[in-house]
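The values are calculated or read from the model by the stated rules, or taken from the named source; none is laboratory data. In this text the structure is predicted, and so the values were computed from the model without any measurement. With ideal geometry, Cβ positions are generated from the backbone for all residues, glycine too; neighbour counts draw on all protein chains shown. Areas reflect the complete protein model, heavy atoms only, side chains present, ligands, DNA and RNA absent. Shrake-Rupley method; radii C 1.70, N 1.55, O 1.52, S 1.80 Å.
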Amino acid sequence: MEKIRLQKAMADAGVASRRKSEELIANGHVTVDGKTVTEMGIKVDNHNKIEVDGMPLKHEKKRYILMYKPRGVISAVKDDKGRKVITDFLKEDVDERVYPIGRLDYDTSGLILMTNDGDFANLLMHPRYHVEKTYVAKVQGFLSTEEIKKLEKGIQFKDYKSSPAKVKVMSKDTKKNTSLVRMTIHEGHNHQVKNMFAAVKHPVSKLSREKYGFLTLDGLVSGKYRDLTRQEVALLKERK
């Protein structure tokens, strides 16, 4: 085996994404041949003994999972506050060390992908990937035509301007003064959908991600999951 960077070897073994693996290395969780490593430049091969928190790396078959994340669940494999995480919903048929690709907020439900394929996760999270993500938001009040146009053109925030969004008002509840709005974006800034609606004075009270590219939640209920098909994985990889 050709020597590869330690963080890539960890990602390939299903420990975490390459970025998260770098954090584990920097924080002293990784040893190579019994010595703690905190630098990113080291390269390894099959002859090196690599351990993460005392657990040796083992190469697993690649796994690609689509889950319907419930509200009130953390998009992580563990939580230091003892809250539920998405891997709590996995059954005995998933013994690979999968982790989420990206994240959904604690109070946001919907479609999230998990994998132990570091290159695949890195591909989908790369800024140039531009996969469309569709959300349905319950917001306060009713959006005017001008406010919709602002969302569609992109909102200027302190650190960035959001790319143009697709926006459609699905329904209005005049008694509760709320609207259901579908929004499609291709970025993944922290709290982006909530921040965009807040910028036009229509705060979000409920949010769900309904689509990720061509993937949907069809056939799933909250807390359930399925494996991606080979064709779905291939189509996602073709976008690079």
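Output the qualifying pairs, or none if there are none: Cβ atoms under 7 angstrom, residues six or more apart or on different chains, first residue in the stretch 15-43 and free of Cβ contacts under 8 Å to residues at least 24 places away in the same chain, second residue open to solvent by 80 Å² or more (accessible area, probe 1.4 Å) and not in a loop (DSSP other than H, G, I, E, B).
Going by the 7 Å Cβ cut-off, the qualifying pairs are Gly28/Thr36.
Among the residues of the stretch 133-155, write down those that are touching a strand residue (DSSP E or B) at 6+ places or on another chain (Cβ under 8 Å), modelled with pLDDT of 95 or more, on the phi < 0 side of the Ramachandran plot and in a loop (DSSP other than H, G, I, E, B).
Phe142, Leu143
Among (1) at pLDDT below 95; (2) hydroxyl-bearing (Ser, Thr, Tyr); (3) more than 23 Å from the chain's Cα centre (by Cα), which single condition is Thr178 missing?
Condition (1) is where Thr178 drops out.
For the stretch 207-237, how many residues meet the condition of being touching a residue at least 24 places away in the same chain (Cβ under 8 Å) and on the phi > 0 side of the Ramachandran plot? It would help to see each step written out before you state the result.
The first filter runs over the stretch 207-237 and keeps only residues touching a residue at least 24 places away in the same chain (Cβ under 8 Å), leaving 207-213, 215-217, 220-228, 232-233, 236-237.
Filter once more, so that each one left must be on the phi > 0 side of the Ramachandran plot: 213, 223.
Total meeting the criteria: 2.
Each row is one residue, and each column tells you yes or no for (1) free of Cβ contacts under 8 Å to residues at least 40 places away in the same chain; (2) under 29 Å from Pro127 (Cβ atoms).
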| position | (1), (2) |
| --- | --- |
| Glu60 | no, yes |
| Leu66 | no, yes |
| Lys69 | no, yes |
| Lys78 | yes, yes |
| Ile86 | yes, yes |
| Glu92 | yes, no |
| Asp107 | no, yes |
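Kindly evaluate Glu210 against the criterion of being touching a strand residue (DSSP E or B) at 6+ places or on another chain (Cβ under 8 Å), more than 28 Å from Val73 (Cβ to Cβ) and modelled with pLDDT of 95 or more.
Numbers: touching a strand residue (DSSP E or B) at 6+ places or on another chain (Cβ under 8 Å): yes; more than 28 Å from Val73 (Cβ to Cβ): no; modelled with pLDDT of 95 or more: yes.
It is false that Glu210 is touching a strand residue (DSSP E or B) at 6+ places or on another chain (Cβ under 8 Å), more than 28 Å from Val73 (Cβ to Cβ) and modelled with pLDDT of 95 or more.
Please specify each residue of the stretch 109-142 satisfying the condition of being farther than 21 Å from Ala76 by Cβ, open to solvent by 20 Å² or more (accessible area, probe 1.4 Å) and of a type in the set (A, V, I, L, M, F, W, C).
Scanning the stretch 109-142 gives Val136, Phe142.
For the stretch 143-154: of the residues being open to solvent by 20 Å² or more (accessible area, probe 1.4 Å) and under 25 Å from the mean Cα position of the chain (by Cα), which is nearest to Leu111 (Cα to Cα)?
The selected residue is Glu152.
Only one of (1) at pLDDT 95 or above; (2) basic (Lys, Arg); (3) farther than 30 Å from Asp119 by Cβ is not met by Lys158, so which one is it?
Going through (1) at pLDDT 95 or above; (2) basic (Lys, Arg); (3) farther than 30 Å from Asp119 by Cβ one by one, Lys158 breaks only (1).
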